[in-house]
Every structure is written in structure tokens, then in C-alpha cells.
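Report on the following structure.
The values are calculated or read from the model by the stated rules, or taken from the named source; none is laboratory data. Fair warning: this is a prediction, and the values are worked out from it, not measured in the lab. A quick note on method: Cβ atoms are made from the backbone with ideal geometry, for glycine too, and the neighbour counts reach across all protein chains shown. The accessibility values were calculated without ligands, DNA or RNA, using every heavy atom of the protein model including side chains. Shrake-Rupley method; radii C 1.70, N 1.55, O 1.52, S 1.80 Å.
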Amino acid sequence: MGAVKNKRMPRAVREQQMLDAAVRTFGQRGYRAASMDEIAELAGVSKPLVYLYLNSKEDLFTACIRREAKALTSAVYAGVDRSLPADRQLWEGLQAFFTHTARNPDAWSVLHLQARTHGEPFAAETDAMRAEMVVFVTELILAGAREARQDPHLPEREVAGLAEALVGAAESLAAWANTTPGVSARQAAATLMNFAWAGLGNLMEGRPWTPAD
């Protein structure tokens with residue numbers, strides 16, 4: 001009966017089932033160690049069917065990266081109320097980010113570790129997601145500057161560097177939080193918020209730190 005049901009399953013549903021199995025396998029075993037046989041068995045389909053739908057192991061991995069990158073960015077955007085002050089937007093965005101990565105550790109492993117350690121074109125897929133996040137954070141920093149001083153003209157290079165640093169810190173902290181027992185998404189978000197926003201607040205109000213001569 002199970003085989004009959006599988007044959008009648010819509011293609012889109014079956015493909016998502018394969019991607020679910022692939023994300024779990026790639027995330028837990030790594031790209032090179034994962035086998036198409038294992039993915040097919042976990043998905044409850046034949047290996048030829050996986051190849052029929054997704055062509056190759058490389059194409060399957062790319063499809064996993066794209067799906068999970070879209071899910072993560074969508075979760076962050078959906079978690080932010082753009083009518084709130086910039087610091088609240090950043091707080092909500094960080095909570096959404098850490099909540100999603102905590103709930104989907106295999107997907108985060110695929111995005112943060114596996115895709116970046118196996119060269120092009122996989123790394124390019126995650127770079128595109130990261131660039132989108134950096135643009136989002138850049139907008140929040142500029143909004144915060146406007147709120148603090150009615151002056152959006154922070155140096156462009158400085159804003160870009162701050163956004164890159166904040167996104168990089170979030171990525172590293174998510175990897176740490178997912179492997180450290182007892183660290184909640186809210187705690188991880190609060191840690192980064194306390195680390196980042198205090199310094200950003202001073203900068204936005206025209207009080208940058210400068211090294212002593």
C-alpha cells in the first residue's frame with residue numbers, strides 16, 4: 001500500500017520529501033560522506049527516482065542550499081516589524097535568525113559549513129544569501145543613525161564593515177549555540193544584541209571609539 005501511495009504522490013510533494021531527506025543526510029554526514037542510496041532510502045523512494053527528479057548529487061545539494069537559504073531569509077524578514085525602531089527591528093531579526101537555525105540544525109549545517117567547504121558553485125549560493133542579510137543589516141544601521149542624530153551619513157565603508165561583522169558574528173554564534181547545551185535562541189540573540197548594539201549606539205550618536213595615540 002505504501003508503494004502505491006508513493007506512486008500517486010504529486011511530484012512537488014515527493015521532491016520536497018527528497019530534499020528533506022537530503023538536508024538531513026548532508027547536514028549530519030557531510031556532503032562527501034552522504035550517499036544517494038542513503039538519501040533515497042530515507043526519502044522512501046528509489047535511487048533512480050532521485051536522479052530522475054534532481055539529476056545528480058551536485059544538483060541535489062544545490063537545491064537543498066537554495067531551499068534552506070530561502071527559508072532562513074524568509075523567516076528573518078517575517079519576524080521583523082519594519083514600523084518599529086531600528087534596535088527593535090534588529091532584535092526581532094536576530095531572534096528570528098537564531099530561532100530558525102536552532103529549529104533546523106541540519107539545514108544550518110548545510111548552509112554554514114557544508115556549502116562553504118566544498119567550493120564553487122555551492123559557496124556562491126550561500127554568498128548570495130549572506131549578501132542579502134548584509135543589505136538588511138546595513139539598512140537597519142542607517143535607520144538607527146537617522147533615529148539617533150537625524151543624520152544618515154555615516155561613512156559608507158564603515159557601515160558596510162559593521163554590517164559584515166554583525167552578520168559574521170551571528171553566523172558563528174548560531175553554530176556555537178547549536179552545539180552548546182542549554183543556549184536558547186533568545187539567549188543567543190541577547191548576547192549578540194548586547195555585544196553589537198551598545199557599540200553601534202555610541203557610533204550612531206557620534207561617539208566612536210578611537211585608539212589612544
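Tell me, what is the FRET efficiency for residue 88 and residue 66 to the nearest 0.05, using R0 = 35 angstrom and their Cβ-Cβ distance as r? It would help to have the intermediate numbers written out before the result.
Values: r = 30 Å, r/R0 = 0.87.
That pair, residue 88 with residue 66, gives E of 0.70.
Hey, could you grab the Kirkwood Rh for the chain? Inverse mean 1/r over distinct alpha carbon pairs, Å, one decimal.
On the way: mean 1/r = 0.0527 Å⁻¹.
Result for the chain, one decimal place: 19.0 Å.
For segment 1-118, what does the accessible surface come to per residue with a 1.4 Å probe? Please give it in Å². Intermediate results must be reported in sequence, preceding the final value.
Values: 6070 Å² over 118 residues.
Spelled out: the 1.4 Å probe surface of segment 1-118, per residue, equals 51 Å².
Going by alpha carbons, how many degrees (0 to 90, nearest 10) lie between the helix axis of 86-103 and the longest principal axis of the chain?
For 86-103 against the chain, the angle is about 30 degrees.
Any chance you could give the angle, 0 to 90 degrees and rounded to 10, that helix 156-179 forms with the longest Cα principal axis of the chain?
That helix lies at roughly 50 degrees to the long axis.
Kindly list the residues of segment 79-97 that lie in the label zone of residue 195, defined by a backbone N under 20 Å from the point 7 Å along the Cα-to-C-beta vector.
87-97
Which percent of the accessible heavy-atom area of the chain goes to carbon and sulfur, probe 1.4 angstrom?
On the way: 6310 of 11540 Å².
Reported share for carbon and sulfur atoms: 55 percent.
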